[in-house]
Structures are given as C-alpha cells and as structure tokens.
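K.L.:
Would you mind keeping the following structure in view while I ask a few things?
The values are calculated or read from the model by the stated rules, or taken from the named source; none is laboratory data. Treat the numbers as computed from the prediction; the structure is a model and nothing was measured. Every residue, glycine as well, gets a Cβ built from its backbone with ideal geometry; the counts of neighbours run over all protein chains shown. Quick note on the areas: whole protein, heavy atoms, side chains included, nothing else; ligands and nucleic acids left out. Shrake-Rupley method; radii C 1.70, N 1.55, O 1.52, S 1.80 Å.
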Amino acid sequence: MYIEAVPNRNSPPAILLRESYRENGKVRKRTLCNLSGWPVAYIEGLRGVLKGGTVIPAEHEAFTVIRSLPHGHVAAALGTARRIGLDRILSPDGHRYRDLILALLIGRILDPASKLAAARALSPATAASSLGEVLGLGEVDEDELYQALDWLLQRQPAIEATLAKRHLANGTLVLYDVSSSYMEGRCCPLAKRGYSRDGKKGTLQIIYGLLCAPDGCPIAIEVFEGNTADPMTLAGQVEKLKRRFHLDHVVMVGDRGLITQARITEDIASAGLDWITALRAPAIRALLDSGALQLSLFDQRDMASITAPDFPNERLVVCRNPDLATERARKREDLLAATERELARIQAAVARRRDPLRGSAAIGLAVGAVINKYKVAKHFDLNIADTAFSFTRKTAEIAAEAAVDGVYVIRTSLPAETFDDATTVRSYKSLACVERAFRCIKTVDLHVRPVYHWLADRVRAHVFLCMLAYYLEWHMRQRLAPMLFDDTDKETAEALRASVVAQAQRSPAAVTKQTTGQTEDGLPVHSFRSLLADLATLVRNTVVTAITPHHPLTVLTRPTPVQHKALTLLGVTL
C-alpha cells in the first residue's frame, strides 16, 4: 500500500490510499480510500507507517478495525442499478424517497424481509450491510419506508411507461400471464378466495398480472382481487398498451386459459392487436370429431398448419411431442392404478363379513374422497348400492384421451407470411419467461409473500416493488450468465433440437459447465444466490490508526478472483 497525490484540473490534488497488484502480467492500481480530508500531519504519519517506520509505541496496534459490513453484493446490485439507469427511471430528480425505494428493491434481492426488518438493516446502528451507508440514508424507520411506498405507487404509471418505451416497440411480442399469492389475515380488501396457484386451498389471496418483453424482461404489473378470473384481467392490459404505452399494434401472447374467444372478440381484435394462444382440450377434441384435425398428419412430421370453419381468419398450428405423450401416458396409468388400489380397499370393506361398510351414502363418501384425490373420476364407471360396490375402467374414453396425448394446437391471427409455424410455436413457448419471473418473484429470490400489508394500495406498491427488484435481477443475471449455470450458447442449443416441438437441449458448453462445476476460465460455477453470498464476503472495513484515532478510514477487502470476475462482468467498480 502507498499514498499517492492525484492531480485535479480545477481543485487541489486528491490524496488516495492505493495498492498495486499484478493481473495477466500487468501492474494495476486499486484505490482503497480517499484521504483528502485528513490533516497533513496525519497523512505523513500514515506514510511513515506504510514505509515501515516506527511512529507509535510498540505496545499499541497500528490499525484497529472498528466495524466490518458486507459490501460486495451491495456494490454489485447498486452499481448495476445505476449502470442501467434504474435510479433515474424511479425519478429523474434525486431525493430521499427515491433512495429509500432503491434501497428496498436492492434489499429485496439481497435479503427479502419486512419493512420493519429492512429499516433496521439500513440504519447505521443495526446495519446488516453497507447499503444504507453507501446511499447515505442515515437513520431509517418503517413509517418512512411506508411513505416511500406510497410515493412509488404514485410513480408507477410513469415508471412503467418508461420501461415500455425502453423495451417495447410497435409490432413486437408482449408476453402476459397471471399468478396468485396467498395472504395472511383478513383485513386487505383485495384478498379474496379464488383458485390458488400456491396450493393453499381455502386461503385468501391476491391475483397479479405481469407484462413482459419478448426476452422476459418485466415491464408492468397489476394487482387484482383474489377471485378475479384470469381472462377478466386482459382488458386492462390492452388498454395499458394502447393508451399509456402508445403502442398501436403488438402481438399478445397468453396461455389458453387467459386468451379466450370472448376476450379475443371483445378486447384484443377490437383494439386492432394480434394474438398467439392455444386451444383447450375440448376444442382439440372437437377438431378431431369434425375431421379438421387428422392424427395421420403426424406420421411423418410433428408440426402442421391447418384451418377450421370454427376459427375463421385464423391459423392453427398443430404439434405433437412424443416425449410429452409418453409422460402423459405414464402419469395417467399411475393415477388410474393408484385409484384402483384405493377403490379396491373400499370394495373389500363392503364385502367383508365382520363390520362391513354399509349404506350407499357412506360408501359414496369413501369413494368420493378417493376419486377427488387423484382427479380421474371421469375414467371409471362406479356402481354403488347399500350393500355392494363395484368399479370398472372406461376403456373407450381412456383410449380416446390417449390418442391426443402430446398433441397441442396453437391458435394465432398472424398469417404464415409474417410468422411461420416454427416461429409461432417458439413465440408461444416464450411464455416460459413469464413463468420464470413468477418463480423468482414468488419463491426463489424475492419472496413476495408473506405480504405484511393490509391497505390495498400498500399491497399494490409492494408487488410493484418486487417487480422492479426482478427487473434489476434480470439485468444482473444477463451479465453474470458466464459464471452461473445458465446456458450462454443458446444458438448451439437450439441447433441441437430436432424440431422446435422437441424438448429443449443444453449446449455442450453448458453441459460441461454443469458437470465440471467450473467456468471456462477455471472459476467455480455459482447459482445466482450463492454468487451473491460469495460477493457478500467482500467487506467494507472502518479502520482507525494509532496516530489518527479520530479520523476513521474505509478499507475494502481485496476481491477474490470470483468476486473480481463478477464485478467486471457487471461493469461495476468498487
């Protein structure tokens, strides 16, 4: 380490504490801290210490670390947020509410917690990282964070419009899907009972719909009451795209339970937009019964384009995935066999001599519990009497269902000249990006639940905050992909697929990275969470010296090769 005076054009030279190191055979410098505010006598005394001089009694320690705070993960997230302009998107003018929201969304990535816990983690006396110190927040209390959330909700339309302008354009795909999260308590007016995607039956929940760009980058999110049907959320998104984002024409991509015929007629087509969705099983069965769909199409290929009178001015891309067909057949047989075993026990209970199960009502209750458990009641004929019970499989119905295993039909208003069959299928499958976003927001990284808010607007602001946190995480993942288990050679992976209908493949480079656990440059491969944990070990030390006990200086630990590579990929300097 050494002290260096760095000239400034219009001000006195900056006095910096630096160290030199070698990288790839070249000597480089790293600034450890700025000593420009120190008295000259203190600077000269420290210079003497660094040169090996004896300027303090031997019984005193030259340096004392009075505090250490995890810093590397903060520098990575905050540096990325500033590099992509997220702070300016939140508000062009810097003020405390903007910095508090920036701290909250970064904290959501680093360590999701309630607003009370976040306030403690940001305040100087109870800081869990260097985040509050780097942003200069000082003391923070939860009431101030609630006020910042209220400010964020007022800014949501402007922020979403800015994101749309940055990532969307006329003619592009817009991915849309909905999910739900259960709520604790009964006070939030948005919390209603509905179809739970979390598997929490009987709990109150909220629904939220997420709009994404074609590459999965989140653009906008909206919260609905928990009993809102999925298709009923679509009209607001079309209005948002047309009026707020000023997009005259886009292609809406949504799943078959979301973009229904009624929504196409009333919302999408009437607004002059195109769409890509899929048909439900009854509609596919109707195509088979009418002869519009012939299974012989798949004798030589796995994808074909057809038309049908029930879908005028539309194109239907019919696909068959043999791997999916095999898996569905296996799963159906497992469920049928499990149901038969349970029903056989009931049959034995009815037929036993001692204390037999009697009464059609009692037998029916026992049978209902079984068939509701495995969801295959439609495949059985059940005969229930007061003293007898029997069951048989509906072999004809099972065979009819098995005939369309692995068959799915994508429905679109786009002509083949605009989107060929392969592009149409690939566009529909890009909805997996939205599913990935929901997994990160709900469970893997950001933990939108449990929701600690009761007021409807606070819940909306909380969900929007989580979306912004995912926006930042999405950009970090794109940059850090070479160090993560992610596949960075998508073109080669796509070329390995026999067809766009076939199962996706990983590139040889991704397989090598996964099996060896090392990147191309010999560093260990990380998940996103474990890499953040590694970066957190790069700490920010507050140090005092024996000759300057009242002038603390800040010294960062030296980055490891992994930390240095991560910060370099993110374009972040410490």
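K.L.:
May I ask you to give the percent of accessible area on region 125-183 that is carbon plus sulfur, with a probe radius of 1.4 Å?
P.N.:
46 percent
K.L.:
Further question on the same structure: Could you check the simple spin-label distance between ILE306 and VAL6, using points 7 Å along Cα→Cβ, in nm with one decimal?
P.N.:
Distance between the two pseudo-spin positions: 6.9 nm.
K.L.:
How much accessible area does ASP255 have with a 1.4 Å probe, in Å² rounded to the nearest 10?
P.N.:
Ignoring ligands and nucleic acids, ASP255 comes out at about 50 Å².
K.L.:
Can I ask one more? I need to check one value: relative contact order of region 123-237, counting alpha carbon pairs closer than 8 Å and at least 6 residues apart, in percent.
P.N.:
So the answer I get is 20 percent.
K.L.:
Kindly provide log₁₀ I(q)/I(0) values, in the same order as q = 0.22, 0.25, 0.27, 0.29 Å⁻¹, from the Debye equation applied to equal alpha-carbon scatterers of region 387-439.
P.N.:
After summing over all Cα pairs, the log10 values are -0.90, -0.97, -1.02, -1.08.
K.L.:
If the cut-off is a Cα-Cα distance under 19 Å, which lysines reach LYS331, setting aside same-chain residues fewer than 8 apart in sequence?
P.N.:
Of all the lysines, those that pass the test against LYS331 - Cα under 19 Å, at least 8 places apart if same chain - are LYS373, LYS375, LYS378, LYS394.
K.L.:
Sorting LYS201, LYS490, LYS429 by accessible area (1.4 Å probe), largest first, what list results?
P.N.:
Ranked list, largest accessible area first: LYS201, LYS490, LYS429.
K.L.:
Any idea what diffusion coefficient region 324-375 gets from Stokes-Einstein, in µm²/s, Kirkwood Rh on alpha carbon pairs, 25 °C, 0.890 mPa s? Walk me through the intermediate numbers first.
P.N.:
Details: Rh = 12.2 Å.
Answer, rounded: 201 µm²/s.
K.L.:
With runs of 4+ DSSP H residues as the only contributors, calculate the mean residue ellipticity of the chain at 222 nm using -39,500 (n - 2.57) per run, divided by the residue total and rounded to the nearest 500.
P.N.:
Mean residue ellipticity at 222 nm (helix-derived): -12500 deg cm²/dmol.
K.L.:
Considering only DSSP beta bridges whose two residues both sit in the chain, what percent are antiparallel, to the nearest 5?
P.N.:
90 percent
K.L.:
Need the list of aspartates and glutamates near LYS192 for cross-linking: C-alpha distance under 15 angstrom, and skip anything on the same chain fewer than eight residues off.
P.N.:
Once the sequence-local aspartates and glutamates are set aside, what remains near LYS192 is GLU184, GLU225, ASP230.
K.L.:
If r is the Cβ-Cβ distance from GLU44 to THR568 and R0 is 41 Å, what FRET efficiency results, to the nearest 0.05?
P.N.:
For GLU44 and THR568, the calculated efficiency is 0.70.
K.L.:
Something else about it: Taking Rh as the Kirkwood radius computed over C-alpha pairs, what is the Stokes-Einstein D of region 494-574 at 20 °C in a medium of viscosity 1.002 mPa s, expressed in µm² per second?
P.N.:
In µm²/s, the coefficient rounds to 132.
K.L.:
Just to compare against my own numbers: the Cα pair-distance distribution for the chain, 10 Å bins, whole % per bin, please.
P.N.:
Each 10 Å bin holds this share of Cα pairs: 3, 13, 19, 21, 18, 12, 7, 4, 2, 1, 0.
K.L.:
Here is a further query. Hey, which of these cross-link pairs are over 26 Å Cα-Cα: LYS165/LYS200; LYS29/LYS565; LYS115/LYS240?
P.N.:
Going by Cα-Cα distance, LYS165/LYS200; LYS115/LYS240 fall outside the 26 Å limit.
K.L.:
Follow-up. Quick check: Cα centre of region 211-239 to Cα centre of region 444-508, how many Å?
P.N.:
What the calculation gives is 17 Å, centre to centre.
K.L.:
Here is a further query. Counting each pair of different Cα atoms once, what's the Kirkwood radius of region 115-210 in Å, rounded to one decimal?
P.N.:
16.9 Å
K.L.:
Alpha carbon centre of region 73-105 versus region 153-181: separation in Å?
P.N.:
Each part's Cα centre sits 19 Å from the other's.
K.L.:
Further, regarding this structure: If you rank GLU417, GLU314, GLU520 by how much accessible surface each has, with a 1.4 Å probe, what is the order from largest down? Numbers along the way, then the final one.
P.N.:
Numbers: GLU417 160, GLU314 25, GLU520 185 Å².
The most accessible residue leads, giving GLU520, GLU417, GLU314.
K.L.:
With Rg and the Kirkwood Rh both taken from Cα atoms, where does Rg over Rh land for region 146-305?
P.N.:
In region 146-305, Rg relative to Rh is 1.05.
K.L.:
Starting from the Kirkwood Rh over alpha-carbon pairs, what translational D in µm² s⁻¹ does region 230-352 have by Stokes-Einstein at 10 °C and 1.306 mPa s?
P.N.:
Here the translational diffusion coefficient equals 88 µm²/s.
K.L.:
Sticking with this structure for a sec: For region 68-175, report the convex hull volume of the alpha-carbon atoms normalised per residue, in Å³, without decimals.
P.N.:
Expressed per residue, the convex hull around the Cα atoms of region 68-175 is 112 Å³.
K.L.:
Calculate, for the chain, the solvent-accessible area per residue in square angstrom, rolling a 1.4 angstrom probe over the heavy atoms of the protein chains.
P.N.:
49 Å²
K.L.:
Report the accessible area of PHE419, computed with a 1.4 Å probe over the heavy atoms of all protein chains in place, in Å² rounded to the nearest 10.
P.N.:
Solvent-accessible area, nearest 10 Å²: 30 Å².
K.L.:
Relative contact order for region 359-461 using alpha-carbon pairs under 8 Å, separation at least 6, rounded to a whole percent?
P.N.:
14 percent
K.L.:
Sticking with this structure for a sec: Determine the principal axes of the Cα atoms in region 283-342, then give the extent along each, sorted from largest to smallest and rounded to whole angstroms.
P.N.:
48, 24, 16
K.L.:
Within the accessible area of region 444-490, what % is carbon and sulfur when the probe is 1.4 Å and the other protein chains stay in place?
P.N.:
54 percent
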